[in-house]
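Engineer: After the structure tokens below, expect a handful of questions from me.
The values are calculated or read from the model by the stated rules, or taken from the named source; none is laboratory data. Being a predicted model, the structure only gives us computed values, none of them experimental. Here the Cβ positions follow ideal geometry from the backbone for every residue, glycine too, while neighbour counts run over all protein chains shown.
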Amino acid sequence: MENLILFLQGMQTAFAPMNLLFVLVGVTIGMLIGVLPGIGPVAGAALLIPVTYGLDPTAAIILLAGIYYGSMYGGTITSVLLNIPGDSASVITTMDGHPLAKQGRAGVALGVAALGSFVGSTLALLALVFIAPALAGVALDFGPPEYFAAMLTGMLLIGALIGKSLVKGLISTFLGMALAMVGMEPTMGVARFNFGFSELLGGINFVLIAVGIFGLSQILLNLDTKAIVTVNERITGMRPRRAELRGTTTATLRGSIIGVVLGVIPAISAAVASLVSYATEKRLAKDPTRFGRGAVEGVAGPESANNAAAGASMIPLLTLGIPGSPTTAILLGAFMIHGLTPGPTLFTDEPEFVWAVIASLLAGNVILLIFNIKLINLWAKLIQLPYPLLYPAILAIAVIGAYSINYSMSDVVITLVFAAVGYVMRQLDFPVAPIALSFVLGGNIEWTLVQTLAMSNDGLLIFLGRPIALGILIACVAIAVIAMAVRLYMRFVRGKGSDANVSTPVG
Amino acid sequence: MRKPGSTVVASGGIVVMFAALLVVALGYPYMVEARGSSRPGPGFFPVWILGILVALSIVNLVQEIRKRVTETRILPSGQSLLKLVKVFGSVVLFVALAPFAGFTIACALFLFLIYCFANGFGWLRSAGLSVGISIALFVLFRTLLGVQLPVNALGW
């Protein structure tokens, strides 16, 4: 009950005209990122962090969170209309969404997806309201060993599970940690890895890495994208048939629950949640052969699941300071830039902020539902915007963003170096998303490890006497095994079932 | 004898880079004495992280060699490479020019070069887009968001 009161108070802040405007701007940009080619949610959020410098932390995070879930909605539109997923979470939607569009039922696919996304997000919001504060309460008792175990778990899971290769994922993860070591060491004040450059004494700013590795390198990779497509058909008739209503409703509810449960676990991305939901619907269907040929449940379930997972991934972020996905890692970086430390104390130290951000998710989802039902034809038209017209302006914004950190062109040069690094890494099939997560957590992981070892007379054996920390590490191994099995299955399904033209910018 | 692919060469380079950084890390104190007991020093964490990176990058190199791929390119070729160079070069020019010419002129030139020479738009269209976007960005960031963009003697 107390949580509900706090949530209602948060609504007062979130629904203040200026904050509501930032929600509107955030979800609109997010939708644009979702429907336009070449920029994924990670790159989009990274590029726009600098725009939030002048804003107060609440408005800044509301704006960036809006971009996050706005892009989840937007990615669906290209999946259905063009068979091109806007982000990795929408890959599964192509399997039945596009066949529905080819049958002249694009409106139904998009309507069901919008409503499912709304239900999934709302369920995740309820989980945030009722579970997150309790989890934060438990985490208040965490000491350095528990924090170290939790952060290491989140980081390694993302490193191991994102990308095509385990080794490359782990290299990206540890590279992020290595980058976090640049600058003054906190305990003795020793300068590390600055190679004589005074600009690096204070460490590398997260925004330079985010804009360079995620934003600019993504743009450089997509330079040859033409993406001038035409969507001639006007989208109408967004309701499913009467016979499909029951299946759609149950698929939506099941997908939402699957998404929330899986979304809480770091590294179990929205894409995995949507896959599990799809597999569940297919298994429970009376006639599974309909799947892949335009089954409405094949859109409703996965879309509910991926939005629920995206919302639920805010739970570990807000309660433990551990991002569950690449985009929430960018959000974590933004928190830190605005002087906020996500974790259990956030609920006690900054209740007005945290509840306003949570309440803003509700406002954003209502706006997105309206956008996706009432303005769907407008978004469909925007798909036709040519990429060559857009990317130069985005490049200019990226340069301004890097410059505006310290009003220094040397920061822009560092960003360009990271853009080149990101470009080469992507060409060599290294996933870049783990870098963001391990970079933002790197300093804290080192600090908690040093504290843990200082507490211990037996080195790392201290973990054997700390049941929570040990439990987290064991859970890490168990989740990794299960998730890798799911990933193998996902690869099998993609290879076998989808002819989707997947060129997904997932970082 | 078959030449190694560019991915193998790059993977070998990654091993060398991490090994060099590990050598640097070994120069920092690994353990330090504090209040009668030893605790991890500034070199402890870097040595472990870079040691793991060296090990992982060697495994990666072995995997790349085993793939026996020789044709993979890290950089594109032909027109795509030319476009990449033009775009990246325009950004570098923007960075070099902005402190002297001011944001608006540097940005307009940077955008014009990309639209006209990298994307092949007509010069009139490119000029219109470049000037319009750079003025819009100047107003958005400097006037509305308060970002102190570099300006020339005329204030823009």
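Engineer: Do you know which residues across the range A:367-395 are among the aliphatic types (A, V, I, L, M), in contact (Cβ under 8 Å) with a residue 60 or more places away in the chain and either closer than 19 Å to A:Val27 by Cβ or surrounded by fewer than 19 Cβ atoms within 10 Å (Cβ to Cβ) (or both)? First the steps, then the outcome.
Structural biologist: From the range A:367-395, those among the aliphatic types (A, V, I, L, M) are A:367-370, A:373, A:375-376, A:378, A:380, A:382-383, A:385, A:389-390, A:393-395; that's our starting set.
Among the residues that remain, those that are also in contact (Cβ under 8 Å) with a residue 60 or more places away in the chain are: A:367-369, A:373, A:376, A:380, A:382-383, A:385, A:390, A:394-395.
If the condition is that a residue be among the aliphatic types (A, V, I, L, M), in contact (Cβ under 8 Å) with a residue 60 or more places away in the chain and either closer than 19 Å to A:Val27 by Cβ or surrounded by fewer than 19 Cβ atoms within 10 Å (Cβ to Cβ) (or both), then A:Ile367, A:Leu368, A:Leu369, A:Ile373, A:Ile376, A:Ala380, A:Leu382, A:Ile383, A:Leu385, A:Leu390, A:Ile394 are the ones that fit.
Engineer: While we're on this one: How many residues does the range A:154-185 contain that are assigned to a loop (DSSP other than H, G, I, E, B), more than 9 Å from chain B (Cβ to nearest Cβ) and out of contact with any strand residue (DSSP E or B) (no Cβ under 9 Å at 6 or more places or on another chain)? Full working, then the answer.
Structural biologist: The initial filter retains those residues of the range A:154-185 that are assigned to a loop (DSSP other than H, G, I, E, B), namely A:162-165, A:181-182, A:185.
Checking the rest, the ones that are also more than 9 Å from chain B (Cβ to nearest Cβ) come to A:162-164, A:182.
Restricting the remaining residues to those that are out of contact with any strand residue (DSSP E or B) (no Cβ under 9 Å at 6 or more places or on another chain) gives A:162-164.
Of the residues in the range A:154-185, 3 are assigned to a loop (DSSP other than H, G, I, E, B), more than 9 Å from chain B (Cβ to nearest Cβ) and out of contact with any strand residue (DSSP E or B) (no Cβ under 9 Å at 6 or more places or on another chain).
Engineer: While we're here: Would you call A:Gly443 out of contact with any Phe, Trp or Tyr (no Cβ under 9 Å at 6 or more places or on another chain), within 14 Å of chain B (Cβ to nearest Cβ) and assigned to a helix (DSSP H, G or I)? Spell out how you get there, then give the answer.
Structural biologist: Values: out of contact with any Phe, Trp or Tyr (no Cβ under 9 Å at 6 or more places or on another chain): yes; within 14 Å of chain B (Cβ to nearest Cβ): yes; assigned to a helix (DSSP H, G or I): yes.
So A:Gly443 passes the test.
Engineer: Kindly provide the set of residues from the range A:264-294 that are under 17 Å from A:Arg254 (Cα atoms), in contact with a Pro (Cβ under 7 Å, 6 or more places away or on another chain) and surrounded by fewer than 24 Cβ atoms within 10 Å (Cβ to Cβ), ordered by number.
Structural biologist: Residues satisfying the conditions are A:Val264, A:Lys282.
Engineer: Have a look at A:Gly120, A:Gly163, A:Gly116, A:Gly143 and point out the one that is under 26 Å from A:Leu441 (Cα atoms), in contact with a helix residue (DSSP H, G or I) (Cβ under 6 Å, 6 or more places away or on another chain) and not hydrophobic (A, V, I, L, M, F, W, C). Walk me through how you get there before you give the answer.
Structural biologist: Working: A:Gly120 fails: under 26 Å from A:Leu441 (Cα atoms); A:Gly116 fails: under 26 Å from A:Leu441 (Cα atoms); A:Gly143 fails: in contact with a helix residue (DSSP H, G or I) (Cβ under 6 Å, 6 or more places away or on another chain).
Sole residue among the options that is under 26 Å from A:Leu441 (Cα atoms), in contact with a helix residue (DSSP H, G or I) (Cβ under 6 Å, 6 or more places away or on another chain) and not hydrophobic (A, V, I, L, M, F, W, C): A:Gly163.
Engineer: Right, here's the next one. Would you be able to tell me the number of residues in the range A:446-472 that are assigned to a helix (DSSP H, G or I), away from chain B (no Cβ under 14 Å) and crowded, with 18+ Cβ neighbours inside 10 Å?
Structural biologist: Result for the range A:446-472: 3.
Engineer: Could you list, in sequence order, the residues of the range A:392-404 that are more than 8 Å from every other protein chain (Cβ to nearest Cβ) and either of a type in the set (Phe, Trp, Tyr) or over 14 Å from A:Gly215 (Cβ atoms) (or both)? Please lay out each step first, then the result.
Structural biologist: Here is the first cut: in the range A:392-404, the residues more than 8 Å from every other protein chain (Cβ to nearest Cβ) are A:394, A:398, A:401-402.
Matches in the range A:392-404: none.
Engineer: Moving on. Name the residues in the range B:1-56 that are basic (Lys, Arg) and within 8 Å of chain A (Cβ to nearest Cβ), would you? So that I can check it myself, show each step before the final result.
Structural biologist: Of the residues in the range B:1-56, the ones basic (Lys, Arg) are B:2-3, B:35, B:39.
The one that is basic (Lys, Arg) and within 8 Å of chain A (Cβ to nearest Cβ): B:Arg39.
Engineer: Now a separate question. Taking the range A:425-439, which residues are within 11 Å of another protein chain (Cβ to nearest Cβ) and closer than 17 Å to A:Phe174 by Cβ? Don't jump to the end; show me each part of the working.
Structural biologist: Initial filter on the range A:425-439 (within 11 Å of another protein chain (Cβ to nearest Cβ)): A:425-430, A:438.
Answer for the range A:425-439, where residues must be within 11 Å of another protein chain (Cβ to nearest Cβ) and closer than 17 Å to A:Phe174 by Cβ: A:Met425, A:Leu428, A:Asp429, A:Phe430, A:Ser438.
Engineer: Another one. Considering only the range B:19-38, I want to know if a residue exists there that is in contact with a Leu (Cβ under 9 Å, 6 or more places away or on another chain), buried (at least 21 other Cβ atoms within 10 Å of the Cβ), touching a residue at least 24 places away in the same chain (Cβ under 8 Å) and assigned to a helix (DSSP H, G or I).
Structural biologist: Checked the range B:19-38: at least one residue is in contact with a Leu (Cβ under 9 Å, 6 or more places away or on another chain), buried (at least 21 other Cβ atoms within 10 Å of the Cβ), touching a residue at least 24 places away in the same chain (Cβ under 8 Å) and assigned to a helix (DSSP H, G or I).
Engineer: If you don't mind, there's one more thing I want to ask. Could you list all residues from the range A:310-336 that are over 19 Å from A:Ile445 (Cβ atoms) and either surrounded by fewer than 21 Cβ atoms within 10 Å (Cβ to Cβ) or hydroxyl-bearing (Ser, Thr, Tyr) (or both)?
Structural biologist: Listed by number, the residues that qualify are A:Ser313, A:Thr327.
Engineer: Among the candidates B:Phe112, B:Phe103, single out the residue that is closer than 25 Å to A:Ala396 by Cα, touching a residue at least 40 places away in the same chain (Cβ under 8 Å) and either more than 7 Å from chain A (Cβ to nearest Cβ) or surrounded by fewer than 21 Cβ atoms within 10 Å (Cβ to Cβ) (or both). Break it down into steps so the answer makes sense when it comes.
Structural biologist: On the way: B:Phe112 fails: touching a residue at least 40 places away in the same chain (Cβ under 8 Å).
Of B:Phe112, B:Phe103, the one residue that is closer than 25 Å to A:Ala396 by Cα, touching a residue at least 40 places away in the same chain (Cβ under 8 Å) and either more than 7 Å from chain A (Cβ to nearest Cβ) or surrounded by fewer than 21 Cβ atoms within 10 Å (Cβ to Cβ) (or both) is B:Phe103.
Engineer: Can you tell me which of (1) touching a Gly at 6+ places or on another chain (Cβ under 9 Å); (2) farther than 21 Å from A:Ser117 by Cβ; (3) not in a loop (DSSP other than H, G, I, E, B) is the one A:Met72 doesn't meet?
Structural biologist: Failed condition: (2).
Engineer: Taking the range B:61-94, which residues are within 8 Å of another protein chain (Cβ to nearest Cβ), within 19 Å of the chain's Cα centre (by Cα), assigned to a helix (DSSP H, G or I) and under 29 Å from B:Phe18 (Cβ atoms)?
Structural biologist: B:Leu84, B:Phe88, B:Val91, B:Val92 - these are the residues of the range B:61-94 that are within 8 Å of another protein chain (Cβ to nearest Cβ), within 19 Å of the chain's Cα centre (by Cα), assigned to a helix (DSSP H, G or I) and under 29 Å from B:Phe18 (Cβ atoms).
Engineer: Here is a check on your reading of the model: is A:Ile131 within 12 Å of chain B (Cβ to nearest Cβ) and either under 21 Å from A:Val357 (Cα atoms) or modelled with pLDDT of 90 or more (or both)? Even if it seems obvious, please write down each step before you answer.
Structural biologist: Numbers: within 12 Å of chain B (Cβ to nearest Cβ): no; either under 21 Å from A:Val357 (Cα atoms) or modelled with pLDDT of 90 or more (or both): yes.
In short, no.
Per-residue answers, yes or no, for (1) modelled with pLDDT under 90; (2) among the polar types (S, T, N, Q); (3) within 21 Å of A:Val80 (Cα to Cα):
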position	(1), (2), (3)
A:Arg246	no, no, no
A:Ala251	no, no, yes
A:Gly259	no, no, yes
A:Gly263	yes, no, no
A:Ser269	yes, yes, yes
A:Ser277	no, yes, yes
A:Gly292	yes, no, yes
A:Thr319	yes, yes, no
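Engineer: Here is a follow-up. Is one or more of the residues making up the range A:222-240 in a helix (DSSP H, G or I) and out of contact with any Lys or Arg (no Cβ under 9 Å at 6 or more places or on another chain)? Show your work before the answer.
Structural biologist: So in the range A:222-240, the residues in a helix (DSSP H, G or I) come out as none.
Scanning the range A:222-240 turns up no residue that is in a helix (DSSP H, G or I) and out of contact with any Lys or Arg (no Cβ under 9 Å at 6 or more places or on another chain).
Engineer: Let me ask you something else. If we keep just the residues of the range A:34-44 that are farther than 25 Å from B:Thr143 by Cα, in a helix (DSSP H, G or I) and under 14 Å from the mean Cα position of the chain (by Cα), which is nearest to the other protein chains (Cβ to nearest Cβ)? Don't jump to the end; show me each part of the working.
Structural biologist: Going residue by residue through the range A:34-44, those that are farther than 25 Å from B:Thr143 by Cα are A:34-43.
Among the residues that remain, those that are also in a helix (DSSP H, G or I) are: A:34-35, A:41-43.
Filter again for under 14 Å from the mean Cα position of the chain (by Cα), leaving A:34, A:41-43.
Numbers: A:Gly34: 22, A:Pro41: 22, A:Val42: 21, A:Ala43: 16 Å.
Checked the range A:34-44; the qualifying residue nearest to the other protein chains (Cβ to nearest Cβ) is A:Ala43.
Engineer: Contact list please: Cβ distance under 6 Å, first residue in the range B:127-155 and within 11 Å of chain A (Cβ to nearest Cβ), second residue of a type in the set (Lys, Arg), pairs at least six apart or on different chains.
Structural biologist: B:Leu149/B:Arg142
Engineer: Does A:Leu156 satisfy being modelled with pLDDT under 85 and in contact with a Cys (Cβ under 8 Å, 6 or more places away or on another chain)? Write out each step before concluding.
Structural biologist: Working: modelled with pLDDT under 85: yes; in contact with a Cys (Cβ under 8 Å, 6 or more places away or on another chain): yes.
So A:Leu156 passes the test.
Engineer: Test A:Leu47 against the criterion of being aliphatic (A, V, I, L, M), in a helix (DSSP H, G or I), over 30 Å from A:Ile435 (Cα atoms) and in contact (Cβ under 8 Å) with a residue 40 or more places away in the chain, and give yes or no.
Structural biologist: Numbers: aliphatic (A, V, I, L, M): yes; in a helix (DSSP H, G or I): yes; over 30 Å from A:Ile435 (Cα atoms): no; in contact (Cβ under 8 Å) with a residue 40 or more places away in the chain: yes.
Spelling it out, it is not the case that A:Leu47 is aliphatic (A, V, I, L, M), in a helix (DSSP H, G or I), over 30 Å from A:Ile435 (Cα atoms) and in contact (Cβ under 8 Å) with a residue 40 or more places away in the chain.
Engineer: I'm trying to understand the selection: among the residues of the range A:120-145, which are more than 18 Å from the chain's Cα centre (by Cα), surrounded by fewer than 24 Cβ atoms within 10 Å (Cβ to Cβ) and assigned to a helix (DSSP H, G or I)?
Structural biologist: A:Leu126, A:Val129, A:Phe130, A:Ile131, A:Pro133, A:Ala134, A:Leu135, A:Ala136, A:Gly137, A:Val138, A:Ala139, A:Pro144
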